[in-house]
Amino acid sequence: MGNDEPEEEDDDDSVANPEGCNKAAKEAREVEENALKDVIKRGRKKYNYQRKAGGVRSPRESASGSATATVRLLKELGNKSVAMQRSLDDLAQVTKDKMENIGKRVKEIEVEVKHGAAGGGGGAAGQRQMQQQQHMQMQQRLQEPTEKEKFMMRKGVDVRGGGSVSVWREVQWLLHCGELETAYQVALGENNDGLLLRLMNETGVVCEKLSGTTNNKLFGSLSESLTNGKHEDYILPWIFGCVKADMVNQLQGWVRDSLSRALFEMISDPDEKGVLAAKLHPKIAIS
C-alpha cells in the first residue's frame with residue numbers, strides 16, 4: 001500500500017509570474033486614486049458653491065443674512081410702534097383730564113349763574129349787569145392759568161378752585177421769581193420763627209445778597225433766638241457767613257451787642273458749638 005499523498009498544484013500566478021502580479025496591483029491602486037480624486041473634486045465643487053467667492057455671498061448665506069436683517073428691522077419697528085403707542089396713550093390721558101377739568105368748571109359756573117339769577121333783584125338792568133359780570137368771570141376761569149397759578153397747582157394748591165395760598169407758598173413763589181429780598185421781608189414781617197428758619201434752610205446762607213436793612217432785621221431776630229438757646233444749628237452758620245463776607249460792620253450796634261452777648265453765653269459749652277462761638281465772639285463784639 002502506498003501512503004504518499006498527491007502534491008497540490010500551485011495555481012497562484014504570482015509565483016509563476018511576479019511581474020503580472022505587480023502590474024495588477026498598480027492598476028488597482030490607480031483605479032482607487034482616480035476614484036478618490038473624483039470624490040474630492042465633486043466635494044470641492046459643492047463647497048465652492050456654498051462658500052463666499054470673490055466677495056460674493058453664496059445663495060445660502062445671502063438668504064440667511066437677508067432673513068436676519070428682516071427680523072432685526074421688524075423688531076425695531078415693533079419697538080418704535082410700542083413707544084409711539086405709549087406716547088399717544090399718555091397724550092390722550094392728559095387731554096382727557098384737561099377736558100374733564102374744563103367740564104367741571106363750566107358746570108360750576110353754570111350753577112353759580114343760576115343761583116345768581118334766582119337770588120338777584122333790582123330789575124332787568126341789574127340782572128343784565130350781574131349776568132355780564134358772571135360771564136366775565138366764566139371767561140377768566142376758562143382762560144389759560146397764569147404762571148403763578150401753574151406754580152401753585154404744582155405745589156398742590158388750586159387757586160381757581162378756591163384753594164388758599166399759605167404764606168410759605170407765597171414765599172416759595174417769590175424765590176421762584178428770584179425775589180430773594182422780598183421773600184425775606186415777607187418772612188420777617190410774619191414774626192414766625194418756624195417760617196423764617198424754613199426759608200433760611202431753603203436758601204442757605206445768603207446774607208451777602210441781602211440789603212443792610214434786611215440783614216439788621218434778620219440778625220436782630222436771630223440774636224433773640226440765640227439768647228434763648230434756640231436754633232443754634234441754624235443761626236451759627238449765618239453768623240459765620242456774615243463774618244466771612246466781612247459784613248459785620250453793616251450791622252447796627254444793638255444787633256452786634258445782642259449777638260455778642262449770646263455768643264459769650266455759648267462759649268462755656270463743651271461741644272463744637274462752644275468752640276465756634278469762641279471763635280466768632282471776638283469778630284462780632286464791638287471793640
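Read-outs throughout are calculated quantities, based only on the coordinates presented, and are distinct from any laboratory measurement. Bear in mind that the values here come from a model prediction, so they are computed numbers and not experimental data. Cβ placement follows ideal geometry from the backbone for every residue including glycine, while neighbour counts extend to all protein chains displayed.
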Relative contact order computed over the range 210-284 (Cα-Cα under 8 Å; 6+ residues apart), in percent = 34
The answer for the net charge of residues other than ASN34 whose Cβ lies under 12 angstrom from its Cβ, with Lys and Arg +1 and Asp and Glu -1, is -2
In debye, nearest 20, what is the charge dipole magnitude of the range 210-284 about its Cα centre with +1 on Lys and Arg Cβ and -1 on Asp and Glu Cβ, if you could check?
-> 260
What do you get when you divide the Cα radius of gyration of the range 210-284 by 2.2 N^0.38 Å, with N the number of residues?
-> 0.98
